[in-house]
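Visitor: Can you read through this structure? Questions will come right after.
Every number in this text was worked out from the coordinates using simple rules, so none of it is lab data. Here the structure is a predicted model, which is why all the values come from computation and not from measurement. Reconstructed Cβ throughout: ideal geometry from the backbone, glycine too, with neighbour counts over all protein chains shown.
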Amino acid sequence: MRYAIVRRIEGEAPPAAQRRWVQIHGCDVIVEQGEPNREDQRALRNLLGRLRADDEVLISSLELLQMSTGELAVLLRRFFEVGVSLKLVGASTVINVVGAGGTPRMLSLLADHETRRPSRPPTSQRSRANLKSLSRYQLDYAAALRRQGHPIRTIGLLFQMTPNELLQLIGGDPLDEAEA
């Protein structure tokens, strides 16, 4: 079967144009949704998860799926393994993403998708998670190890923390550690 997905997404072609592009290719089922919401997203993921070999999915952009790059990679891998083909359609173009010879194109599209996602900062700019919390027992144990003369770096490795994070939790001066 040939499925098409038409959605209203800001920055994408209007639904009427998307519908016109996919109708040119003779779709059996057109899934049309307004602004994405949780229920529609869940229903779409269920539909995509039930596709079988020789099914085709036509969309105008990967953005219509409203998935992260990782989720898209998993979906595309599943399509490839099952034998589902994914095609991007436009005003005058059809790009075979999953199917014969589509692997380089698939990787290129995933990379483009990742660079265009404004919803989260790039990896290098992500702030580090807040300090890990240790239980009272762990804090006492870390302080006892420090009193016994174990290096703060070793204790930090035990709790998977940097020396500075550990010193903030158990109290201490990073300069004292440097002098030792």
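Visitor: Residue pairs, Cβ under 8 Å, 6 or more apart or interchain, first in the stretch 1-18 and surrounded by fewer than 20 Cβ atoms within 10 Å (Cβ to Cβ), second among the basic types (Lys, Arg). List them.
Guide: Final answer for the pair search is Pro14/Arg8; Pro15/Arg7; Pro15/Arg8.
Visitor: Give me a count of the residues in the stretch 18-35 that are of a type in the set (A, V, I, L, M, F, W, C) and under 11 Å from Val89 (Cα atoms).
Guide: Adding up the residues that qualify gives 3.
Visitor: Can Asp40 be described as over 24 Å from the mean Cα position of the chain (by Cα) and surrounded by fewer than 18 Cβ atoms within 10 Å (Cβ to Cβ)?
Guide: Here the answer is no, as Asp40 does not meet what is asked.
Visitor: Looking at Leu58, Leu72 in this structure, which one is touching a residue at least 40 places away in the same chain (Cβ under 8 Å) and farther than 17 Å from His113 by Cβ?
Guide: Leu58
Visitor: Can you tell me how many residues in the stretch 144-171 are buried (at least 16 other Cβ atoms within 10 Å of the Cβ) and of a type in the set (Gly, Ala, Ser)?
Guide: 1
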